[in-house]
Amino acid sequence: MRTSFLISILLLAGCTFVQLSDAGAGVAQLGSGDVANCESKGVVSTQTRAKVVVSRSEEAVREELTVMARNEAAKLGANAIVPIARPEDGAQSFRAFLCK
């Protein structure tokens with residue numbers, strides 16, 4: 001019984017829990033060179049758990065942060081995001097842009 005509990009926790013450590021909204025699906029993640037002619041709509045800061053009993057995979061945390069940023073950027077009327085810095089302790093900031 002204890003073994004199955006530990007296996008469940010380890011599987012959860014690699015999972016993402018945030019769903020991409022329909023509006024967020026219209027937001028692309030771009031590089032800073034791709035938004036030179038775009039209008040800045042603001043900064044989106046995201047945060048998730050980097051640890052659920054055990055540390056989650058960096059890839060899962062990064063993916064979740066990006067999905068949350070895309071969802072939030074859509075609320076600002078943006079259609080693109082660019083990371084401002086690398087993820088740290090389950091948090092990351094992105095600049096939101098409207099590109100035509």
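The values are calculated or read from the model by the stated rules, or taken from the named source; none is laboratory data. Values in this document were obtained by computation on a predicted structure and should not be read as measured data. No Cβ is skipped: glycine too gets one built from the backbone with ideal geometry, and neighbour counts run over all protein chains shown.
The table below gives the values:
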{"read-out": "Residue 69 within 13 Å of residue 28 (Cα to Cα) and either at pLDDT below 95 or not acidic (Asp, Glu) (or both)", "value": "yes"}
{"read-out": "Qualifying residues in segment 59-73 (those that are among the small types (Gly, Ala, Ser) and either surrounded by 22 or more Cβ atoms within 10 Å (Cβ to Cβ) or not in a helix (DSSP H, G or I) (or both)) - the one farthest from the chain's Cα centre (by Cα)", "value": "73"}
{"read-out": "Residue satisfying all of: in segment 48-58; of a type in the set (A, V, I, L, M, F, W, C) and part of a loop (DSSP other than H, G, I, E, B); nearest to residue 35 (Cα to Cα) among these", "value": "50"}
{"read-out": "Residue check for residue 30: modelled with pLDDT under 95 and not small (Gly, Ala, Ser)", "value": "no"}
{"read-out": "Residue tally, condition of a type in the set (A, V, I, L, M, F, W, C), touching a residue at least 12 places away in the same chain (Cβ under 8 Å) and in a loop (DSSP other than H, G, I, E, B), over segment 74-93", "value": "3"}
{"read-out": "Residue that is nearest to residue 86 (Cα to Cα) [pool: residues in segment 28-47 that are within 12 Å of the chain's Cα centre (by Cα) and of a type in the set (A, V, I, L, M)]", "value": "44"}
